[in-house]
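> Take a look at this one; I'll ask things after.
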Amino acid sequence: MKKTNVIIGIVIFAILVTVPFWSAILSPANGAAPEVSFDTPVINQLSGDDYKCVEDVEWMRAHHMDLLSDWKVEVVREGTRMYVAEDGTEYLASLQNTCFECHSNYEDFCLKCHTYSDVNPTCWECHVEPNVAGGAA
Amino acid sequence: MKNAGIAFAFVFAILAVAYVGVELLGLEVVFGMILPYVAIIAFIAGFIYRILNWAKSPVPFRIPTTAGQQKSLDFIKQNKIENPDTKLGVIIRMALEVFLFRSLFRNSKAEVTEEGDIVYQWEKWLWLFGLLFHWGFFLTIFRHLRFFMDPVPAFVTFWADKIDGAFWIGLQNIYLTGLILLAGITALFIRRLYLDKVRYISLVQDYFPVVLIMCIAGTGCLMRYLTHADVTAIKALGVGLASFNFSSILETLATYDISMVFWAHFTLVCALLIYFPTSKLMHAAGIFMSPTRNMANNNRMVRHENPWNPEVEVHSYQEYEHEFHQKMKAVGLPLDWDYDEEGNQLPKKN
């Protein structure tokens, strides 16, 4: 093969394979995981044993969508509004009335990770974002 | 069947190493930081080494006997794509081969009937599964840019959300290319086992990449649709690796507990990157260097000199006649060229 063609091929290969590397160098963002904020009026009032999420925080980071999906099915299909957590606490299965009561900071909470990881759920096509509603109802 | 089993054993061994390393020994730094860098360096360096090695080998004479009529007399129709004599034709032929696997589309099945006749049958499954698998794999890798780029470019989001993930099940979209990749590679694996002639010629190194990619796609789908993982933590790891931000990687690995399915997926991908340049998977580069595909059939129009021919001293008849033309003329031998008074050879008359 012609030398120039081989070199052009290798250069194209190297550029394509290293897209993540050179785009990270050119990107203005530092790429670190975003800090979600727990600084809301309701969360600030929680203390001691009350300072907890519906389920374990580590679990919620990876699986909150499973919980919301289960809630959706139970509420809409079964009509069950009561959710019993692993630790026995009972919660009202409602995104707007339970989740947003504490996490009333949509932009600094939900949106932080969703934007970072480019996850675009359709929650907000029906549910009202807490900021727009002026805090949790 | 034995070879397929050995291939599975190798892949499970890699999974076992990942499990022991991450879950039992807590070597997240080895599997999350050292291994991926080793893998990507091995991949790029090995890939380029293989190309350079191939580029050094002698190029054969241009091959005129590809599947199409070569350029001939005016009233014989040339097949300009299958047997091109121009650069453009070669580019079209290469593009059809690289993007659509044209030569696999020629595949047919030969069988001997009970009467002893040979019959050829339609067999495009290899082409179809291969095409689905390769495009699915490419688009899935493209989609994975979202784990390495911050901010995620709009065209990646558009592709992932609007086209690839246009269909939703429950609260989450289904990435079609991921499922096509998994279906395609599984079909290729089953085809290899199902056709006895293909199974007969299949070695461990034929099964291993198939099983490896099948497990990569399988763990990926498992993680996305069933078990779920902490995507933010995984992306922090990915961006940290891409930007060589070692303190960020170490902090991510220390802070977050990433699921074992992710470590299985990630370790298998690293294994694939390391294995790639040593294996038949190098057809990715080799296809561009196929002598029957990448050279124009212009043997009759352009003189191709063998570049490694030794220098040969020649004495052409033209030079011979020039040297002896006076003596030849004197004895009455016919001359092919005319000469002026100083003995210079004049251009030949028609």
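> Tell me, which helices (runs of 4 or more DSSP H) lie completely within the range B:234-303 with 3 or more residues that are more than 10 Å from chain A (Cβ to nearest Cβ) and in contact (Cβ under 8 Å) with a residue 60 or more places away in the chain?
Passing ranges, in order: B:246-255, B:260-275.
> May I pose another question? Could you look through the range B:302-350, keep only residues that are polar (S, T, N, Q) and farther than 30 Å from B:Phe61 by Cα, and pick out the one that is modelled with the lowest pLDDT?
So the residue we want is B:Asn350.
> Residue by residue through the range B:44-82, note down the ones that are of a type outside the set (A, V, I, L, M, F, W, C), within 30 Å of A:Val11 (Cβ to Cβ) and assigned to a loop (DSSP other than H, G, I, E, B).
Step one: filter the range B:44-82 for residues of a type outside the set (A, V, I, L, M, F, W, C), giving B:46, B:49-50, B:53, B:56-58, B:60, B:62, B:64-66, B:68-72, B:74, B:77-80, B:82.
If we keep only those that are within 30 Å of A:Val11 (Cβ to Cβ) too, we end up with B:46, B:49-50, B:53, B:56-58, B:60, B:62, B:66, B:80, B:82.
Within the range B:44-82, B:Ser57, B:Pro58, B:Pro60, B:Arg62, B:Thr66, B:Lys80, B:Glu82 qualify.
> Take the range B:120-166 and flag every residue that is away from chain A (no Cβ under 13 Å) and of a type in the set (Phe, Trp, Tyr).
Those that are away from chain A (no Cβ under 13 Å) and of a type in the set (Phe, Trp, Tyr): B:Tyr120, B:Trp122, B:Trp125, B:Trp127, B:Phe129, B:Phe133, B:Trp135, B:Phe137.
> In addition: Scan the range B:61-81 for residues that are in contact (Cβ under 8 Å) with a residue 60 or more places away in the chain, of a type outside the set (Lys, Arg) and over 20 Å from B:Ser103 (Cα atoms) and jot them down.
Result: B:Phe61, single match.
> Then there's this: Please tell me if A:Ser94 is within 20 Å of the chain's Cα centre (by Cα), surrounded by 14 or more Cβ atoms within 10 Å (Cβ to Cβ), without any contact (Cβ under 8 Å) to a residue 24 or more places away in the chain and away from chain B (no Cβ under 14 Å).
Yes.
> Moving on. Can you give me the number of residues within the range B:113-149 that are of a type in the set (S, T, N, Q) and surrounded by fewer than 16 Cβ atoms within 10 Å (Cβ to Cβ)?
2
> If you don't mind, another one. In the range B:44-51, is there at least one residue being within 11 Å of chain A (Cβ to nearest Cβ), closer than 24 Å to B:Leu272 by Cβ and basic (Lys, Arg)?
If we filter the range B:44-51 for residues that are within 11 Å of chain A (Cβ to nearest Cβ), which is where we start, we get B:44-45, B:47-51.
Narrowing the set further to residues that are closer than 24 Å to B:Leu272 by Cβ leaves B:44-45, B:47-51.
Going one step further and asking which of them are basic (Lys, Arg), we end up with B:50.
Taking every residue of the range B:44-51 in turn, at least one turns out to be within 11 Å of chain A (Cβ to nearest Cβ), closer than 24 Å to B:Leu272 by Cβ and basic (Lys, Arg).
> Right, something else. Just need a number here: residues in the range A:95-121 that are of a type in the set (A, V, I, L, M, F, W, C) and in contact with a Gly (Cβ under 9 Å, 6 or more places away or on another chain). Before you say what the answer is, go through the steps one by one.
Our first condition is that a residue be of a type in the set (A, V, I, L, M, F, W, C); within the range A:95-121, this holds for A:95, A:99-100, A:102, A:109-111, A:113, A:119.
Next, only the ones that are in contact with a Gly (Cβ under 9 Å, 6 or more places away or on another chain) stay: A:100.
The qualifying residues number 1.
> Still on this structure, please answer the following. Evaluate the following for B:Tyr207: is it touching a residue at least 60 places away in the same chain (Cβ under 8 Å), part of a helix (DSSP H, G or I) and either aromatic (Phe, Trp, Tyr) or outside the structural domain of B:Thr157 (by TED's automatic domain parsing) (or both)?
Numbers: touching a residue at least 60 places away in the same chain (Cβ under 8 Å): yes; part of a helix (DSSP H, G or I): yes; either aromatic (Phe, Trp, Tyr) or outside the structural domain of B:Thr157 (by TED's automatic domain parsing) (or both): yes.
Yes.
> Looking for something over 21 Å from the mean Cα position of the chain (by Cα), at pLDDT 95 or above and either surrounded by 15 or more Cβ atoms within 10 Å (Cβ to Cβ) or not assigned by TED's automatic domain parsing to the domain that holds B:Tyr275 (or both) - is there at least one such residue anywhere in the range B:35-53?
The answer is yes, given that some residue of the range B:35-53 is over 21 Å from the mean Cα position of the chain (by Cα), at pLDDT 95 or above and either surrounded by 15 or more Cβ atoms within 10 Å (Cβ to Cβ) or not assigned by TED's automatic domain parsing to the domain that holds B:Tyr275 (or both).
> Another question about this same structure. So A:Val84 clears everything in (1) within 13 Å of chain B (Cβ to nearest Cβ); (2) in contact with an Asp or Glu (Cβ under 7 Å, 6 or more places away or on another chain); (3) among the aliphatic types (A, V, I, L, M) except one condition, right? Which one?
(1)
> Test A:Thr4 against the criterion of being at negative phi, more than 10 Å from every other protein chain (Cβ to nearest Cβ), loosely packed, with under 15 Cβ neighbours inside 10 Å and among the β-branched types (Val, Ile, Thr), and give yes or no.
Values: at negative phi: yes; more than 10 Å from every other protein chain (Cβ to nearest Cβ): yes; loosely packed, with under 15 Cβ neighbours inside 10 Å: yes; among the β-branched types (Val, Ile, Thr): yes.
Answer is yes for this residue.
> I'd like to know if the range A:115-130 contains one or more residues that are exposed (fewer than 14 other Cβ atoms within 10 Å of the Cβ), polar (S, T, N, Q) and closer than 29 Å to B:Asp150 by Cβ.
Looking through the range A:115-130, at least one residue is exposed (fewer than 14 other Cβ atoms within 10 Å of the Cβ), polar (S, T, N, Q) and closer than 29 Å to B:Asp150 by Cβ.
> Something else about it: Restricting attention to the range A:26-43, and to residues there that are surrounded by fewer than 15 Cβ atoms within 10 Å (Cβ to Cβ) and more than 7 Å from chain B (Cβ to nearest Cβ), which single residue is modelled with the lowest pLDDT?
A:Asn30
> Any idea how many residues of the range B:148-192 are assigned to a helix (DSSP H, G or I) and either at pLDDT below 90 or touching a Ser or Thr at 6+ places or on another chain (Cβ under 8 Å) (or both)?
Here is the first cut: in the range B:148-192, the residues assigned to a helix (DSSP H, G or I) are B:154-164, B:176-192.
Checking which are either at pLDDT below 90 or touching a Ser or Thr at 6+ places or on another chain (Cβ under 8 Å) (or both) leaves us with B:164, B:177-178, B:181, B:192.
Result for the range B:148-192: 5.
> While we're on this one: I'd like to check which helices (runs of 4 or more DSSP H) are fully inside the range A:1-105 and have at least 2 residues that are within 30 Å of B:Asn306 (Cβ to Cβ).
A:3-17
> Quick check, is A:Cys102 touching a His at 6+ places or on another chain (Cβ under 8 Å) and surrounded by 13 or more Cβ atoms within 10 Å (Cβ to Cβ)?
Values: touching a His at 6+ places or on another chain (Cβ under 8 Å): no; surrounded by 13 or more Cβ atoms within 10 Å (Cβ to Cβ): yes.
Considered against the rule, which asks whether it is touching a His at 6+ places or on another chain (Cβ under 8 Å) and surrounded by 13 or more Cβ atoms within 10 Å (Cβ to Cβ), A:Cys102 comes out as no.
> Could I ask something else about it? Mind checking which residues of the range A:44-70 are within 14 Å of chain B (Cβ to nearest Cβ) and more than 15 Å from A:Ser94 (Cβ to Cβ)?
A:Glu55, A:Asp56, A:Val57, A:Glu58, A:Trp59, A:Met60, A:Arg61, A:Ala62, A:His63, A:Met65, A:Asp66
The values are calculated or read from the model by the stated rules, or taken from the named source; none is laboratory data. Everything numeric here is computed off the predicted structure, so don't read it as measured data. Heads up, the Cβs are rebuilt from the backbone with ideal geometry, glycines too, and the neighbour counts pull from every protein chain shown.
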